[in-house]
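The values are calculated or read from the model by the stated rules, or taken from the named source; none is laboratory data. None of the values given here were measured: they were computed from a predicted structure. No Cβ is skipped: glycine too gets one built from the backbone with ideal geometry, and neighbour counts run over all protein chains shown.
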Ligand code: TMO
């Protein structure tokens, strides 16, 4: 290439930049702000969506937040997309805010989910009667730290009803709430290394199932009324005398502005549907195989091209962002 051509290109690019900057008619589509939260699969799947949107010429950015902030950020339009909304820990906010029109329900993933108390398989021999929750009443001292008699249950930052459940079911347990999925992973790995009894919050699909055998505790079966009607269930004075849903949904949520500003991107988000295997693989690529979140997303995309090509095709339109 000659200097002359290069110079002409620079001039040309500069001129185009000026023309585009000057006219509001050429204003670029605003950036789609994608929430990345505090457990691994959500971050990887956010990057999968982000890579697909970027390839469609949308401008995307990632906002790293604790799960609790998602509702305020989405309903105020400071964030646009939360790609993994879990029924067990997020149903209440999701249904309340979408009913009021403050956020938009962009449909379900194929995955069926569960979030619940969980223990590694070797714990069962130490506490006969598991997975029935009543076994935990007798075995509580096994799960005590430093000589106490009350057991410790390790939770993440997502689950709210644990203390209520402990009270309603008369379980001699205290809750130690950890910061995020990585901290849960550390206490689990440490306990397993020493074959020490542990009961902690876990969920499926997750990376854990690809490494450790284990089971969820079986509490009285969930019903909506268990949350609201004290008379329901074995404790007639208190709510939450039940477990979490066993066959929960997994949804996508977007900001109110999303469908109008980016209708084609919205059509794509509606079609994105991940299976249990997809989600647990996404988590395992990072937590077991050591990929970065973005590399894990690219790896998943490279291995699952027919799947995402079908989403793009079914969405059936070309990005506004590319215009
Ligand atoms: C929201 N989570 C999957 C960590 O339970």
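Of all residues in segment 77-93 being under 15 Å from residue 258 (Cβ atoms) and under 14 Å from the mean Cα position of the chain (by Cα), which is nearest to the ligand (Cβ to nearest atom)?
85
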Subset of segment 187-226 that is assigned to a helix (DSSP H, G or I), more than 15 Å from the ligand (Cβ to nearest atom) and surrounded by fewer than 19 Cβ atoms within 10 Å (Cβ to Cβ) - its residue that is farthest from the chain's Cα centre (by Cα): 193
Qualifying residue in segment 136-144 (condition: under 30 Å from residue 253 (Cβ atoms) and modelled with pLDDT of 95 or more): no
Given (1) crowded, with 17+ Cβ neighbours inside 10 Å; (2) at pLDDT 95 or above, number of the condition residue 319 does not satisfy: (2)
Selection status of residue 74, surrounded by 20 or more Cβ atoms within 10 Å (Cβ to Cβ), under 30 Å from residue 309 (Cα atoms) and either modelled with pLDDT under 95 or within 16 Å of the ligand (Cβ to nearest atom) (or both): yes
Some residue of segment 244-262 being surrounded by 15 or more Cβ atoms within 10 Å (Cβ to Cβ), free of Cβ contacts under 8 Å to residues at least 60 places away in the same chain and outside any helix (DSSP H, G or I): no
Matching residues in segment 1-47 - criterion: being buried (at least 21 other Cβ atoms within 10 Å of the Cβ), more than 16 Å from the ligand (Cβ to nearest atom) and either assigned to a helix (DSSP H, G or I) or modelled with pLDDT under 95 (or both): 47
Some residue of segment 128-147 being surrounded by 15 or more Cβ atoms within 10 Å (Cβ to Cβ) and within 16 Å of the ligand (Cβ to nearest atom): no
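Residue under question is residue 112, and the condition is that it be buried (at least 17 other Cβ atoms within 10 Å of the Cβ) and either closer than 17 Å to residue 227 by Cβ or within 16 Å of the ligand (Cβ to nearest atom) (or both); does it hold?
Working: buried (at least 17 other Cβ atoms within 10 Å of the Cβ): yes; either closer than 17 Å to residue 227 by Cβ or within 16 Å of the ligand (Cβ to nearest atom) (or both): yes.
The answer is yes for residue 112.
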Meets criteria (away from the ligand (no atom under 16 Å from the Cβ), surrounded by 11 or more Cβ atoms within 10 Å (Cβ to Cβ), at pLDDT below 95 and closer than 27 Å to residue 312 by Cβ) for residue 62: no
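Let's see how each residue does on (1) free of Cβ contacts under 8 Å to residues at least 40 places away in the same chain; (2) touching a helix residue (DSSP H, G or I) at 6+ places or on another chain (Cβ under 8 Å); (3) over 30 Å from residue 48 (Cα atoms):
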| position | (1), (2), (3) |
| --- | --- |
| 111 | no, yes, no |
| 121 | no, no, yes |
| 130 | no, yes, yes |
| 134 | yes, no, yes |
| 146 | yes, no, yes |
| 159 | no, yes, no |
| 167 | no, no, yes |
| 175 | yes, yes, yes |
